[in-house]
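Values in this text are rule-based calculations from the coordinates and carry no lab data. These numbers come from a predicted model, not from an experiment. Cβ atoms come from the backbone with ideal geometry, glycine included; neighbour counts cover every protein chain shown.
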Amino acid sequence: MMSIGSVASRGVLTITPWYGGVEGGVGVATETISHTLLRTGSRCAVIEMAADAVVPRLRRGRAGELIVGMCLRPDTSLTGTLRARIGYRVRQATAMGGLAMLTARFDANVAHFHYVNDSYIPLFAICRRLGLATVLTLHGTDVNDADGNAWARVDRLLRAADAVTTVSAALFRTIVARSPEMADKTAVVPNSVPVDITAAAEAVPGHRSEPAIDVLFLGNLRVVKGPDVLLEAMQLVSARIGNVSVTIAGAGPLREQLMQRSRQIGIDHLVTFRGRVSREEAVGLLCRSRILVIPSRSEGAPLVALEAQMLGVPIVATNVGGIPESVTQDGSGMLCPPNDPTALASAVLQLLGDDALRRRLGAEGRQRAATLFSPERIASRYHEVYEQAVARRRAPPLLIAAAR
C-alpha cells in the first residue's frame, strides 16, 4: 500500500451536492474525507453544488477548508429561452474561471466527484480542459434508485471518469452487473467513521449516563429507509414488554403518514418524532440510545451504522445492500430480512432484554469501526485511487463535445 503522503504535494478538489451539515450521510462523508485529506498532508478545496447562484459563494468549513458554492445546470444553450441560454453561458464561464483559480491555488491534479448530479457533465468537461484526473464516488441511492434516463446519466459519468469508487461491495456488484466494462476502473472504498464523532460524543451532557431512548431511527423518512416497517415492529414490541421509548429523527415525505399510522396502531404515546436534527443533536441521540434500528429496504452503506458502532451502540438492521459489510450478525449487531416487522421486533426484543449482549455487541462494534473504518485507513485507499486516476487520465471527446 502506498504511503498517505505520496500525493501530498498535489491538491484535490472535492465536488459534491451536499457538504457537512444535516443533509444526510453524503454531506458528512464528504466532509470527513476532506478533513482527513487535510490532516494527512494534502491540499483540498470543496465545490458544493448550489441550487441557484451566478456568482460563487465562499465560506470556510470547520477545519478551515475553502468551500465554494457554485451553480451549474444542464445545457440549455440550444433549447432554452434567451434568458436561460445567457444564464447557462454565464455560469459555464464562471465555473471555468473558478475551477481554474482553485486548480492553480491548490496545485490540484484530481477532481473527486461524489454522488450523481446533473451539473457534473459540464464540470467533467471543464476538469478535463484543466488537466485534472476525475474520480467519481457512488454512494447508494444515486445508483439503486436509477432507472431509464437516470441510469443513462449514471452510465455517462461512469464512462467519463478516470476512476470510480463505490462505498460498498454490494454497490460495486450492481454497477458491474449493469456496465461490466466498468469493473477494471472501479474499486470499493467504504465510508469512514467521521473524524469528529468521539469528540462530539464527549461534548454531549450526561453521555455516560443510562440511555433514555430504547430504540432510535436516524435517517430520511422515505420508503426506501423503512420507517413504516419500524412502526409495525414497535407495535409488536410494545405488546410484549409494554412501554418502550422510540425516537424517530429525520425529515421526509412520509412524516405525516408515519405520525398518523402511529396513532392508528396505538403507539403514538411511545414514539417521539424529532424532525430534522443537527449533527450535534444526532450524536446526542445516539449517545442516549440503547439500540439503533436501520430497517432499510435498500442501502449503499449507511454512515449512521459506523457512527453508532464507534459510540458503542448496538444495531438492528436489515440484511440488504452494503449493510452486512459494516454490521455483522452477533458481531456488532443483529441482521434480519427487509419488510419483516416480526423479525425486526424479535431482534429488538432480544437486545432490549439482554444487557450483557448489548454491551458485548457495542464493544465489538466500536473495535471493528476503529480498526476497519478509521479515517486514515480510508484516506489511504482514496490516495491509491487518485494515483490510479492520474495514471489513467484520458479525454472522452463525446462528453467534452456535449458540454460545449
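List, in order, the whole-Hz ³J(HN,Hα) value for each residue of the stretch 246-257 obtained from phi through the Karplus relation with A = 6.51, B = -1.76, C = 1.60 and θ = phi - 60°; use x for Gly and Pro.
10, 10, 10, 10, x, 10, x, x, 8, 3, 5, 4
Could you tell me what % of all Cα pairs in the stretch 59-173 have separations over 23 Å? Don't skip to the answer; put the middle values down first.
On the way: 2467 of 6555 pairs.
Across the stretch 59-173, Cα pairs with separations above 23 Å total 38 percent.
Report the net charge of residues surrounding Thr174, where surrounding means a beta-carbon distance below 13 angstrom and charges are Lys +1, Arg +1, Asp -1, Glu -1. Don't skip to the answer; put the middle values down first.
Numbers: positive: Arg173, Arg178; negative: Asp142, Asp145, Asp147, Asp155, Glu299.
The answer is -3.
Arrange Asp162, Asp107 by Cβ neighbour counts within 10 Å, fewest through most, would you? Spell out each step's value before the answer.
Working: Asp162 24, Asp107 11.
The order, fewest Cβ neighbours first, is Asp107, Asp162.
Kirkwood Rh over alpha-carbon pairs of the stretch 197-372, then Stokes-Einstein at 25 °C and 0.890 mPa s: what D in µm² s⁻¹, rounded to an integer? List each step's numbers first, then the result.
Working: Rh = 15.8 Å.
For these conditions, the coefficient is 155 µm²/s.
Out of all DSSP beta bridges in the chain, what portion is antiparallel? Express it as a percent rounded to 5.
Values: 4 of 51 bridges.
Roughly 10 percent of the beta bridges in the chain run antiparallel, per DSSP.
Compute the length gained on full extension between Asn149 and Gln260: take 0.36 nm times their separation in residues and subtract their Cα-Cα distance, giving the result in nm to one decimal.
Details: separation 111, 0.36 × 111 = 39.96 nm, distance 3.47 nm.
Working it through step by step, the gained length comes to 36.5 nm.
Order by neighbour count: Lys185, Lys225, fewest other Cβ atoms within 10 Å first, most last. If you can, show how the numbers build up before the last one.
Working: Lys185 19, Lys225 24.
Ascending Cβ contact count within 10 Å gives the list Lys185, Lys225.
Can you give me the relative contact order of the chain as a percent, contacts being Cα pairs under 8 Å and 6 or more apart?
Values: 801 pairs, mean separation 69.1, N = 404.
Worked out over the chain, it gives 17 percent.
Give me Ile126, Ile323 sorted ascending by neighbouring Cβ count inside 10 Å, so fewest comes first. Kindly include the intermediate steps, with their values, before the conclusion.
Details: Ile126 21, Ile323 25.
The order, fewest Cβ neighbours first, is Ile126, Ile323.
Roughly how far apart, in whole Å, are the Cα centres of the stretch 236-251 and the stretch 285-300?
13 Å
At a 10 angstrom cut-off on C-beta neighbours, averaged per residue, how do the peptides 343-349, 28-34 rank from highest to lowest? Please list the in-between numbers first.
On the way: 343-349: 22.0, 28-34: 25.3.
Ranked from most to least packed, the peptides come out as 28-34, 343-349.
Based on the Cα atoms of the chain, what semi-axes does the equivalent ellipsoid have, where each is the square root of 5 times one gyration tensor eigenvalue, given in whole Å with the largest first?
Working: eigenvalues 301, 104, 76 Å².
After scaling each eigenvalue by five and taking roots: 39, 23, 20 Å.
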